[in-house]
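Encoded as structure tokens, the structure appears first; notes follow it.
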Amino acid sequence: MRSTSSEKILQNNKISVRKTVNVVLRDESSVSTETKSDSEITVYCPFDDVVNGIKGIGDVCCNSLELTPDSSVIVDITSFIKPYFFLLLKKLFKDYQLKKLGILYTEPLHYKKSKSEDYSFSSGSKMVGEIPGFGYHEDTAKKKLLIIIMGFEGARFSEVHTSIESDLTIPINGFPSYVLDYKNVSIIMNKDMLVDANCSHNMEMASASDPFETLAILKGIHKQWHDSHIMTISPLGTKPMALGSCLFSLIQHDVRVVFPYPTRYEPLTSTQESGITWLYKIEKDITSSII
Amino acid sequence: MTQNVDEGIFLNPFEDINAAYMEDEQILRYWSSPKGFLEHGKLGGVEFVGLLPNIIYGGRGTGKTTVLKYLSFDIQEKKFTLQENDMTLSGFLSTDRKFIGIYYRFDGPLLTSFRGKGIDEETWNMVFIMFFELVLGQKYLNAVERLINKGAIKLQISEKDICGKICVEIFGNEIDELDSLNKIRKKLSSMQYEIEQWKDEIALHKTELAIKPVPKNRILFGIPRICKDTMPELSDKLIFYLLDEYENLEEKQQVIINTLLKHTQYPVSFKVGSRINGLKTHSTTNASEHLREGSDYREVSFDQIIKLDSSDYSELLQNIANIRIKTHHIFSNVKDVSIMTLLGKTPSFEDEALEIVKTSKNHDRHFRGFDKLILKQTTDSEKAHQFFENISFPENPLIEKLNMLLLERGFRIERIRIMMNAYLSNEKNEDHQRYKYLYEKNKLGLLFQLIRDYHPKNKKFTGFEMFVMLSSGIIRTFLELCYYAFNESIFNDSRSLALGKKISDDDQTKAVEKKSAKFMKDTLSIPGDLGPKIYGFVDNIGTIFTILHMNPRLSEPEPTYFSTDYTKLDPDTKKIIDTATMWSIFHMMESMDPKDMITPRYTDFMLNHILSPYYSISYRKRGRTVVHPEYLKLIIFGSETEQQKIKQLVEKNGANFLSHPPITYY
């Protein structure tokens, strides 16, 4: 629902859309497409198989969109799961050398709590794995630095931390939050891990809505630590912050991104109603570093 | 010291306790050798300093990583330079030193990247083993370089010639540009990098891997052999690849590494650290061969390295804790401070029982129900009063609780009185023996019941011995308990703590309860989608134990473990139990020999003692609950109604019914 509001917003801002590619993630393993009209195609992609899903989207981009480096592309990441839009952005920049890219994101107005009074956007735990395409050079002479962009699901921090066993952990808290009500939630939900991983004193802050702030923080951390540490990022927080970490990983190749893949996502039960919609413009100052 | 406390600087001496996160210097600083560690080349009584590979099994936090890292070249090098106060390593390779350890931890997320992306399994297997060899090869060469640079090795032939031999071994021919070990190492690094780049690229496009594969095993075994043959200082040294967290490997990856273990070549061996049940397969890449314990490798259980029930374990924990305390920025100036003085002695059950009763307004709450029970023996109120006097012994409320228990079980008052008096006066007769047996067997269970009688009083968990007991043989748990206790004390009364005073009972109990609750909560995070199921299972079992503890007749005192016929478990149930054991939620043990030929041999599963506070149950291995595999399945996978029904039946009838197959009224 939050994604559909973006179409209206583009119209209201007099941005005319020539072609639309809808991506529907589902539990089936195959990729299929449905051409609704000359200007609208839907690609059905498997939740579990990011590589094949992106390949399917890529085929559509290749065959139907005729993308060039100067093309104007907007990607609405509101309903994408993070591994998907990470690899999608990599594909758009690497394969099509896009000089600019627009990213739309619509914030939720509220987050709904689960029965146990936690925030639960997913359930179960399949594994903690690298996002395909976002590995790094494992330099065993260096120590390990883990950057956790904290979310509301405290257990995910624990999962990632246990699997990486880093020498140094730096959490990034989304502050200011989308809405004042949520300003301390990440810290409260992750308080156990902040103690156990002995990292609360390392905490950095970046706006939950601003990917460029996250990007700047990550650049600073990398500058400080890259000589002695290899970096792993885990984007557990907001999508804009994840976007910032995605851009950073595309610029800085010696960084890997890991994600705690759940068994199930529960987006419809966890977020309701639409808040602000943002359009993030990724332009030459960033894209030139990526390509 | 006081100034530091006033300024708010009071670091917790137990801040860094996970060996995986600790700096090498910290591991060295806090190291305390378990008794008999590597004596006569053995670890836990098992041949270790030899060519036969070993797999060290231990639960999470037992100390496997600490041991493996301690044995590594990185730490041994630092230890040598500190001891000799000399930055060179001349003398490092003396005859005393039997091996050089190369440590490597299997990183779970990295391992998951060797799959899918449209690449067939055979290619992935080839890439994986090549990657693994390249990484270990670099680490080995790095160690040799340092030994040369720091004077431990004096080259007899030129480095160029040695590198020529290595290039022939791994590339098939000499390569002029690779004329130093450093350059070969960098070449291996660039090959590793090619693989990593390829793994990233194939996420978007199918591409061929640019590098030519190196023949298998040439790096892992060939390079050490050449170094041994060309460097006399290495001629009698074994090379141990110390591989940590074997359980992180996928099954097909373990098949590959198993093959290396089975076909290891002199001077190389493998010492592998794994959680219990972490070895997913014994298969090798040769379908007709598999890894056999005894002939291909030897198992070492961490229980063998540190005898958990022994004074050695307690002594080891004291040593480990005291190193941290004595080097602490505040305690180093306090006389006679130690972990024993800071935690104090664990009060006896009797002292604790006395305190509970004496600090209550009403001192006979534990006699509740007496009036009803005594009616079975007399209706005369005067006599009843006399009977009450007969079983009273205010100096020890646990004696009174035992008397109430015996009354509950139908013992005559006179009988109880005689037995109690025989025990108290230490008469050497049958009554004394019997009462003593009943008292020792039941006293902790009675203490828990006493605490419940005096609700909202809570069990205290204080003292060094208590912390040792609750740690369940897991060193890290003990250190975490200390960490939490110090945290509470630093927050509540840092001034007293800074003077070396004992951490208060309340702070210690709060720390234990926090750790216990956290341990339970952490089960939800067990990966592979098993967390919630394991959580539910543990909660059901824990609740059953709690119910049995509160049984007024205490038919089986202190039930803290269950037994089952492991061989009859279905695969799904087995998976849950194996995973729970791997994560140290249960401790698996062979049961005693069965009483007869018909009774199956059971396997015991003891709940981790750290959960005792969470469920208000004992932390001793006393009472066994036999659970039929079918009931175990229901306890794990049954509906909420079925599980509730089981608990209700336990409350009503005790747990004997669980040992038989379930009746189908479910």
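The values are calculated or read from the model by the stated rules, or taken from the named source; none is laboratory data. Quick caveat: nothing in here was measured; it's all calculated off a predicted structure. As a convention, Cβ positions derive from the backbone with ideal geometry for all residues, glycine included, and neighbour counts pool all protein chains shown. When the accessible area is computed, the model is the full protein with side chains, heavy atoms only, and any ligands, DNA or RNA have been set aside. Shrake-Rupley method; radii C 1.70, N 1.55, O 1.52, S 1.80 Å.
Here are the numbers:
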quantity	calculated
FRET E, pair residue A:109, residue A:224, Förster distance 45 Å, beta-carbon r, rounded to 0.05	0.75
Bins of 10 Å, starting at 0 and running to the largest distance - Cα pair percent for the stretch B:490-641	10, 35, 32, 14, 7, 2, 0
Alpha-carbon radius of gyration plus Dmax, which is the widest Cα pair, for the stretch A:178-246 in Å	12.8, 39
Cα pair distances in the stretch B:400-539, grouped into 10 Å bins until the bin that holds the longest one, percent each	10, 25, 25, 22, 15, 3
Between helix A:82-96 and chain A: long-axis angle, C-alpha atoms, 0 to 90°, nearest 10	60 degrees
Rounded to the nearest 20 debye, dipole of the stretch A:118-193 from Cβ charges on Lys, Arg, Asp, Glu	120 debye
Chain A: translational diffusion in µm²/s, Stokes-Einstein, Kirkwood Rh over Cα pairs, 25 °C, 0.890 mPa s	126 µm²/s
Karplus-derived HN-Hα couplings along the stretch B:579-593 (A = 6.51, B = -1.76, C = 1.60, θ = phi - 60°), whole Hz, x at Gly and Pro	5, 4, 5, 4, 8, 6, 7, 10, 10, 8, 9, 6, 7, 5, 4
Probe 1.4 Å, protein heavy atoms only - accessible area per residue of the stretch A:69-140 in square angstrom	35 Å²
Drop in accessible area of at least 10 Å² in the complex versus isolated chain, residues of the stretch B:172-197, 1.4 Å probe	B:189, B:192, B:193, B:196
Farthest positive-ward along the protein assembly as shown dipole, Cα basis, beta-carbon charges - from B:634, B:136, B:390	B:390
Nearest-ten-degree value, helix B:640-653 long axis tilted from longest Cα axis of chain B	50 degrees
Peptide A:191-200 - average C-beta neighbours from other chains (10 Å radius)	3
Area accessible to solvent at residue B:105, 1.4 Å probe radius, in Å²	30 Å²
Surface share of carbon and sulfur [accessible, 1.4 angstrom probe, percent] for the stretch B:330-447	49 percent
The stretch A:32-166 - convex hull of alpha carbons, volume per residue in Å³	161 Å³
HN-Hα J in Hz across the stretch A:71-76 - Karplus 6.51, -1.76, 1.60, θ = phi - 60°, x for Gly and Pro	4, 9, 10, 10, 10, 8
With all protein chains modelled, accessible area of residue B:582 [1.4 Å, Å²]	30 Å²
DSSP-loop GluC sites (Glu not before Pro) across the stretch A:93-200, with at most 15 other Cβ within 10 angstrom	A:117
Where the stretch B:396-456 is the region considered: accessible area per residue in Å², 1.4 Å probe	44 Å²
FRET efficiency, residue B:15 to residue B:83 (Cβ-Cβ, R0 25 Å, nearest 0.05)	0.45
Global geometry of the stretch B:1-157, whether rounded, prolate or oblate, following the gyration tensor of its Cα atoms and the 1.5 cut on a/c	oblate
Options A:255, A:184, B:541, ranked by Cα towards positive dipole end of the protein assembly as shown, top entry (Cβ charges)	B:541
Sequence of B:392, A:288 from largest to smallest accessible area, 1.4 Å probe	A:288, B:392
Alpha-carbon centroid distance for the pair the stretch A:198-256 / the stretch B:428-506, whole angstrom	44 Å
For residue B:239, distant residues with modelled amide H under 5 Å away	B:100, B:268, B:269
Rounded to the nearest 10 Å², the accessible area of residue B:591 at probe 1.4 Å	10 Å²
The stretch B:281-388: radius of gyration and largest Cα-Cα distance (Dmax), Å	28.6, 85
Computed [θ] at 222 nm, helices only, for chain B once each DSSP H run of length n ≥ 4 contributes -39500 (n - 2.57)	-15000 deg cm²/dmol
Pair-distance profile P(r), taking every C-alpha pair of the stretch B:134-181, with 10 angstrom steps and integer %	26, 54, 20, 0
For residue A:170, residues with placed amide H under 5 Å, excluding near neighbours	A:146, A:147, A:148
Hydrodynamic radius (Kirkwood) for the stretch B:65-220, which is based on Cα pairs only, to one decimal in Å	17.6 Å
Rg/Rg_globular for chain B, with Rg_globular taken as 2.2 N^0.38 Å and Rg from C-alpha atoms	1.16
Rounded percent of accessible protein surface that carbon and sulfur make up, the stretch B:501-638, 1.4 Å probe	55 percent
Charge dipole (debye, nearest 20) of the protein assembly as shown; +1 at Cβ of Lys and Arg, -1 at Cβ of Asp and Glu	920 debye
Rotationally averaged projected area of the stretch B:171-230 (alpha carbon convex hull; nm²)	4.9 nm²
Local net charge near residue A:124, Cβ-Cβ under 9 Å (Lys/Arg +1, Asp/Glu -1)	+1
Whichever lysines have a C-alpha closer than 26 Å to that of residue B:35, once near sequence neighbours (fewer than 8 apart) are set aside	B:64, B:69, B:78, B:79, B:98, B:237, B:271, B:307, B:326, B:345, B:621
In the A-B interface, the accessible area buried, summed over both sides, Å² (probe 1.4 Å)	3200 Å²
Computed over chain B: relative contact order in percent, which uses C-alpha pairs under 8 Å that are six or more apart	15 percent
Debye-sum result for the stretch A:1-67 in log10 I(q)/I(0), which assumes one identical scatterer on each alpha carbon, at q = 0.20 Å⁻¹	-0.86
Per-selection Kirkwood Rh - the stretch B:323-454 (Cα, Å, 1 d.p.)	17.0 Å
Counting DSSP beta bridges with both ends in chain B, the antiparallel % (nearest 5)	30 percent
Ratio of the Cα radius of gyration of the protein assembly as shown to 2.2 N^0.38 Å, where N counts its residues	1.06
Listed residues A:200, A:72 arranged by accessible area, highest first, probe 1.4 Å	A:72, A:200
Rounded to whole Hz, the Karplus (6.51, -1.76, 1.60) HN-Hα couplings of the stretch B:320-331, x for glycine and proline	4, 5, 5, 4, 5, 6, 5, 9, 6, 5, 9, 6
Accessible area in the full protein assembly, largest first, 1.4 Å probe, for B:324, B:620	B:620, B:324
Average other protein chain Cβ within 10 Å of Cβ, residues A:139-148	3
Interface residues in the stretch B:506-549 - accessible area drops by 50 Å² or more relative to the isolated chain, probe 1.4 Å	B:518, B:525, B:529
Cα long-axis angle, helix B:121-149 against chain B (0 to 90 degrees, to the nearest 10)	80 degrees
Chain A: calculated mean residue ellipticity at 222 nm from DSSP helix runs of at least 4, using -39500 (n - 2.57)	-9500 deg cm²/dmol
Relative contact order %, the stretch A:139-291, counting alpha carbon pairs below 8 Å whose residues are six or more apart	26 percent
Whole-percent carbon and sulfur share, accessible surface of the stretch A:1-147, 1.4 Å	48 percent
Under 5 Å, built H, 5+ apart or other chain: amide partners of residue B:283	B:291
Trypsin sites (Lys or Arg not before Pro) within the stretch A:186-285: DSSP coil, no more than 10 neighbouring Cβ in 10 Å	none
Exposure rule at most 14 other beta-carbon atoms within 10 Å, DSSP loop GluC sites (Glu not before Pro): chain B longest free segment	B:428-666
